Each structure stands twice: as C-alpha cells, then as structure tokens.
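A short worksheet on the structure shown next.
The values are calculated or read from the model by the stated rules, or taken from the named source; none is laboratory data. Nothing here was measured: the structure is a model prediction, and the numbers come from that model. Reconstructed Cβ throughout: ideal geometry from the backbone, glycine too, with neighbour counts over all protein chains shown.
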Ligand code: TEU
C-alpha cells in the first residue's frame with residue numbers, strides 16, 4: 001500500500017497512558033485528566049500521534065478501572081466530562097488523536113445493569129449476564145478458573161441461589177454477548193464517545209465477546225485459563241457489526257483489540273477478511289514474553305511479519321500496564337535503548353507505554369503498599385517528572401502518590417533527561433522524528449534476515465529508500481554483515497566502525513548502497 005493511501009493508524013505511534021500514574025493536578029496523589037492536559041506539550045514533544053488512555057470511566061476500582069460501573073461517565077477521581085472534552089480539544093489542537101479503553105467483556109458488579117440482573121430470576125436484565133445453577137453436588141456450574149486469584153470463575157449469589165460467570169475478579173461479572181440487548185447497549189457506549197470526538201478504542205480482551213451464555217466445561221488445560229482459550233466464530237460476527245458502526249463516523253475511528261490468544265495466525269484472524277471488516281489492529285503479545293535472545297526475537301518478529309503480511313498490518317508492543325516493564329525484564333539501560341530502535345523501526349504500529357521513553361524500571365512495591373490483586377503494581381508506578389524526590393515522594397508530584405516511584409526515578413526523571421544529549425528520552429525523540437520524516441520506516445516493506453548468531457537484522461525498503469537495522473543481543477561485539485553498506489543514522493550504544501557493541505542497535509541508511 002502506498003504511503004499516501006495508508007490510513008492514519010498505520011502511520012501512527014500510539015502512547016499508552018495509565019491515567020492514575022501520569023500527572024496529578026489536584027494533589028490527591030492520583031493522576032487525572034487535568035494532569036494529562038497540563039502535560040500535552042510533553043506528549044507532543046515525543047513525536048507520537050495518538051494517546052490511549054487506560055479506563056477513565058466510573059469504577060469502584062477493584063481492577064483499577066477495568067471494572068466499569070458507568071461506561072458513559074468519567075470517574076470523579078479523574079475529573080469530569082467537561083475535563084474530558086477539554087482533553088480531546090487540547091490533543092486535537094496539537095494534531096494528536098485520542099483512544100479510549102473499552103471494556104466489553106465484563107462490567108463492575110456495581111454497574112446498575114448487574115444490580116438489576118442480580119435482583120431476581122425474572123428481572124428483565126437477568127439474561128444480560130451469565131447465570132447458572134450450581135451442580136447437584138454444590139460445585140460451580142463449569143470447571144472454568146478465573147484469572148488472577150486461582151478461584152472458580154463462578155460466584156454463588158445467595159439472593160437467587162445461582163452463580164454468575166466472571167473470567168476475572170468476582171467484582172467483574174461477564175456480560176452475556178448472546179443477548180442482542182447487551183450488544184445494542186454496548187454499541188451505544190461506543191457511539192457516546194465517538195459523538196464526543198474520540199478517534200477510537202483499545203478493546204479489552206475483545207476476543208472474549210465471542211462467548212455468550214454458551215459456556216460448557218473445557219478440557220482441563222483450557223479451563224485453567226479460559227481467557228486465552230475462547231476463540232469463537234461469534235466473536236468475529238460481533239466485531240464485524242462493531243466495525244460497521246465505527247465506519248459510519250467521519251473521524252475514521254480505529255479499534256485495536258487486545259486478543260490474548262497465542263496460536264499462530266489467530267491474532268491476525270481478528271482483523272477479518274480481507275483486512276478491513278473486523279478490528280483495525282490486533283495486539284500480538286508474543287514479543288512481550290520474549291527473553292533477550294536473538295533467535296527468540298528473530299522467530300517472533302518473522303512470524304508476526306508473515307502472519308500480518310498485506311493486507312494486514314501488525315502492532316508492536318514491549319510494555320504495558322499488565323507486566324513488568326521491559327527495562328526491568330531485560331535488565332539494562334543498554335537493552336532498553338536498543339529496544340527503542342527496534343520498536344520504532346519495525347513494520348508495525350508501535351505502542352509505547354508511558355515511561356518507556358524515560359527508560360523507567362518497575363517500582364519496588366513493599367508488601368504494605370501492594371494494591372493490585374494480580375501483582376502488577378510495579379509497572380504502574382507514577383511518572384517521575386522531576387529528579388528531586390524519594391522512592392515515596394516528590395518527583396514533581398505535590399502529594400505522595402498512590403504507588404511508590406520506579407526504582408530509577410531520580411536518574412531517569414523527565415527533567416534529568418529533557419534536552420540532554422545521549423539520554424534515552426532524546427533517543428526516542430530522534431527516532432520518532434525519523435519515523436515521521438522518513439516514510440520507509442513507517443510503511444516500507446520489511447525483510448527479516450535469516451538468523452545470524454547474536455545479530456538480528458531486518459531491512460525496510462520502498463521504491464526510493466532503504467534502511468537496515470542491526471541489533472546485537474550477545475554479550476560481545478559483533479561485526480556488520482559484509483553486505484550492509486551505508487551510514488549509521490542512529491546508534492543506541494557506543495560500538496565502533498562496522499561494529500555493533502553488545503546490547504546495541506543500529507539504524508543504517510543503506511539507500512545509497514541499495515541495488516537498483
Ligand atoms: O488484561 C487481560 C489479561 O489477560 C491480563 O489480565 C493478563 O493476563 C494479566 O494482566 C497478566 O498479569 C486486560 C487488561 O489489560 C487488564 O489490566 C485487566 O485487568 C483485564 O483485562 C481485565 O479487564
């Protein structure tokens with residue numbers, strides 16, 4: 001697909017903000033929408049194109065917003081609908097798009113729909129959720145286990161002596177997507193935000209909407225974690241109807257789905273046929289589970305590029321709010337810097353998790369500060385805007401925030417890196433600027449070279465331009481392959497002439513040496 005015709009989301013770099021931890025405008029120790037508005041100049045300075053906000057909706061926060069009690073209300077912790085409108089306007093003024101996090105599989109148990117559903121066997125909304133009798137021996141209706149706490153995915157409710165399904169916490173009852181009223185109500189929630197000008201959605205565990213009230217026992221290995229097993233034809237039909245709704249809006253809304261499935265080709269299948277009737281983009285999480293190893297990266301990248309070949313288009317993500325940050329997983333600044341080159345030169349829409357541009361590591365969270373039921377607090381630590389502070393306080397936050405700061409907050413704070421040559425922040429800015437100015441990095445074809453020891457190599461090419469990326473995953477320097485002829489545009493480390501240092505990545509301009 002030529003550069004000009006490519007839709008915006010193929011060109012975009014998306015920046016994920018975890019609102020609780022980004023910036024706090026009212027001094028309650030929790031980030032909010034006004035805080036984000038104040039930092040829009042910073043976001044724009046990163047050279048990203050769109051912001052994805054983790055959920056900001058009314059929520060009792062059992063899962064920090066992924067338990068929604070009102071899909072069309074902003075939680076007062078984050079601000080008001082007026083603040084939201086201001087955020088949209090402020091971002092749009094800068095040419096930045098906004099994606100919201102839509103949570104279609106489950107609501108909060110405090111959602112009025114669930115309150116009604118739970119109230120009696122014959123309530124009109126009873127069938128909006130999945131209710132079943134216990135088995136004769138008192139055991140849960142099926143063998144499914146919930147994510148997070150290793151408990152049954154069913155909770156018994158004494159009021160009506162039935163159990164309801166929840167693939168996550170008991171506070172997150174699953175909606176019954178077999179019920180057309182549920183589907184219609186959820187479509188309305190999309191319309192509400194699209195009418196207010198949002199540019200799209202990240203759809204939480206969206207493959208799970210293929211499930212409705214058709215729940216039966218699963219083989220033991222699948223029952224242990226049903227969220228990575230549910231892959232049903234109905235999900236595709238329901239996504240086609242969502243896509244048809246999105247396509248009626250002039251802002252070309254984009255939906256990127258969290259598809260937590262791992263069989264080869266399955267995440268791409270949620271883009272539909274021929275790449276235009278289901279999700280626009282689908283997360284593929286194979287990269288976030290890789291160890292620092294050339295062969296592992298090679299094979300994952302190669303598989304993703306093949307499975308998401310035209311007319312599909314892949315995403316690329318190394319960190320998010322659900323698992324240890326990649327600077328911590330890979331364990332060194334050099335590797336985090338190499339990842340910046342890798343991520344921003346990939347044929348994919350890169351999703352950056354706020355703070356990765358600072359090289360942030362996870363926070364060390366003492367037992368008495370743990371708040372997440374699934375142990376994910378470390379990667380959700382607040383952004384350090386200023387170097388001055390302790391693990392608990394300061395760093396540009398007026399009040400002690402809800403979680404301690406990342407372990408490298410002082411050295412890697414925004415004000416310690418802003419404008420500082422050689423900082424990882426400036427490396428990210430240089431790379432986003434290059435991706436913007438050099439179309440081959442955004443939409444050029446990608447060829448992944450065969451495995452070559454510790455060196456990963458891929459080439460991006462168009463009719464008029466060509467670049468090569470080399471990443472050395474090994475502990476010792478590696479030589480450039482002989483046939484790579486060109487000049488280094490960006491290097492993440494300090495290797496020498498025709499040398500890639502250990503844990504270093506290079507972007508090389510090979511256009512001059514490209515064969516005609
Ligand atoms: O995550 C789905 C999911 O599969 C993760 O829960 C993952 O398995 C886990 O975090 C690994 O530790 C989405 C959201 O990203 C997550 O934050 C929510 O908690 C979850 O859905 C429920 O809405």
| task | Could you look through segment 241-255, keep only residues that are in contact (Cβ under 8 Å) with a residue 40 or more places away in the chain and either closer than 15 Å to residue 8 by Cα or buried (at least 19 other Cβ atoms within 10 Å of the Cβ) (or both), and pick out the one that is nearest to the chain's Cα centre (by Cα)? | result | 255
| query | Just for segment 192-220: of the residues that are without any contact (Cβ under 8 Å) to a residue 60 or more places away in the chain and more than 16 Å from the ligand (Cβ to nearest atom), which one is farthest from residue 17 (Cα to Cα)? | reply | 219
| task | State whether the residues of segment 384-397 include one that is assigned to a helix (DSSP H, G or I), under 23 Å from the mean Cα position of the chain (by Cα) and in contact (Cβ under 8 Å) with a residue 24 or more places away in the chain. | result | no
| field | Candidate set: segment 318-334, residues that are surrounded by 24 or more Cβ atoms within 10 Å (Cβ to Cβ) and part of a helix (DSSP H, G or I); chosen: the one farthest from the ligand (Cβ to nearest atom) | value | 327
| remark: Within segment 494-508, the residues that are on the phi < 0 side of the Ramachandran plot, surrounded by fewer than 19 Cβ atoms within 10 Å (Cβ to Cβ) and touching a strand residue (DSSP E or B) at 6+ places or on another chain (Cβ under 8 Å) are 499, 502
| said: Any residue at all in segment 112-121 that's touching a residue at least 60 places away in the same chain (Cβ under 8 Å), buried (at least 21 other Cβ atoms within 10 Å of the Cβ) and within 16 Å of the ligand (Cβ to nearest atom)? | reply: no
| said: Going by what's in this entry, would residue 419 be described as outside any helix (DSSP H, G or I) and either crowded, with 20+ Cβ neighbours inside 10 Å or modelled with pLDDT of 95 or more (or both)? | reply: yes
| Residue that is in contact with a helix residue (DSSP H, G or I) (Cβ under 7 Å, 6 or more places away or on another chain) and either on the phi < 0 side of the Ramachandran plot or in a loop (DSSP other than H, G, I, E, B) (or both), where the choices are 304, 288 | 304
| task | Among the residues of segment 363-373, count how many are outside any helix (DSSP H, G or I), surrounded by fewer than 22 Cβ atoms within 10 Å (Cβ to Cβ) and modelled with pLDDT of 95 or more. | result | 6
| request: Can you give me the ranges of the helices (runs of 4 or more DSSP H) entirely in segment 1-110 with at least 2 residues that are away from the ligand (no atom under 15 Å from the Cβ) and either within 30 Å of residue 157 (Cβ to Cβ) or without any contact (Cβ under 8 Å) to a residue 24 or more places away in the chain (or both)? | output: 33-38, 81-93
